[in-house]
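Below is one structure, written out as structure tokens, with a few remarks after it.
The values are calculated or read from the model by the stated rules, or taken from the named source; none is laboratory data. Note that the coordinates shown come from a computational prediction; the quantities given were computed from them, not determined experimentally. Cβ coordinates were reconstructed from backbone atoms using ideal geometry, including for glycine residues, and neighbour counts include every protein chain displayed.
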Amino acid sequence: MPGIVDALAIVRPETVIGWHRAGFRLFWRWKSRRRGGRPKVAPEIRRLIRDMSLANPVWGAPRIHGELLKLGIDVGQTSVAKYMARGRRGPSQGWRTFLRNHANGIASMDLFVVPTLSFRPLCGILVLRHHRRRLVWLSTTVNPTAEWIARQVTEACGWDAPPDYIVRDRDCAYGAEYAHRIRAMGIRDRPTAPRSPWQNAYAERLIGSIRWELLDHVVVFGEQHLLHLLRSYQTYYNQARTHLSLDKDAPVPREAQRIGRIVARSHLGGLHHEYVRI
């Protein structure tokens with residue numbers, strides 16, 4: 001009978017080594033086969049863990065794991081730590097979060113000019129509370145003095161608590177009387193930097209809305225006529241007009257109506273409408 005040496009004589013040594021390595025790979029694949037254990041984490045859960053870790057930079061794996069358990073997602077805490085985003089931001093909050101948390105104590109004001117039919121310039125003033133974007137005051141005058149502006153701020157607050165801060169531009173009309181009045185009311189004056197209207201963006205945007213939605217479509221006859229138009233727009237703006245920043249709700253929240261016939265309510269002489277169910 002032929003021996004092993006005779007059988008090996010028909011192959012080369014490199015072939016024997018290759019067979020051995022291939023056999024070892026098969027053996028190790030068999031030895032490393034899955035024997036149950038933890039199931040794989042679904043891709044959508046991995047993305048959710050990553051999104052939660054990015055949106056909440058101060059959360060650790062235990063906190064995210066607890067939120068997942070409340071959502072009915074059974075995943076291990078070590079898996080949560082594995083799929084959290086690396087190199088996350090520090091615990092410092094962003095400006096959007098900071099401003100949203102302080103919006104209830106911030107108001108802004110601004111002046112704007114409106115020409116009449118006889119080309120006489122009138123000055124309007126608005127005061128806007130950042131929380132809910134509520135327009136709390138609109139008024140007009142021919143000569144905006146510091147005393148007049150101070151009185152408008154007082155009337156804008158009325159019986160409500162005054163804001164903690166008020167943002168305004170550096171118009172020379174804001175004089176010593178204005179500064180003394182708001183200081184007495186416990187309001188901190190926050191003028192914007194020179195030539196930086198974007199720092200008072202909410203008031204500037206509201207003035208643009210007043211022009212685009214009202215003043216560009218009418219001719220103002222006089223001060224009383226302008227005051228009537230602005231007060232009518234204030235009612236429409238607060239109670240009917242929806243805002244993207246408020247999840248398409250009005251500053252004074254509107255209830256969703258699902259039953260009844262749809263009718264249109266006219267605002268500003270038919271320039272705008274509010275649709276309700278009756």
Exercise. Is it true that some residue in the range 237-252 is surrounded by 12 or more Cβ atoms within 10 Å (Cβ to Cβ) and assigned to a strand (DSSP E or B)?
Worked result: yes
Problem set entry | Residue within the range 212-227 that is under 24 Å from residue 103 (Cβ atoms) and in contact (Cβ under 8 Å) with a residue 40 or more places away in the chain present | yes
Exercise. Hey, any hits in the range 256-266 for a residue that's in contact (Cβ under 8 Å) with a residue 24 or more places away in the chain and outside any helix (DSSP H, G or I)?
Worked result: yes
Seminar exercise, completed: In the range 103-128, residues that are of a type in the set (D, E, K, R) and modelled with pLDDT under 95 total 1
For this session: State all residues of the range 178-205 that are in contact with a strand residue (DSSP E or B) (Cβ under 6 Å, 6 or more places away or on another chain), in a helix (DSSP H, G or I) and of a type outside the set (A, V, I, L, M, F, W, C); if no residue qualifies, say none.
Result: 200, 202
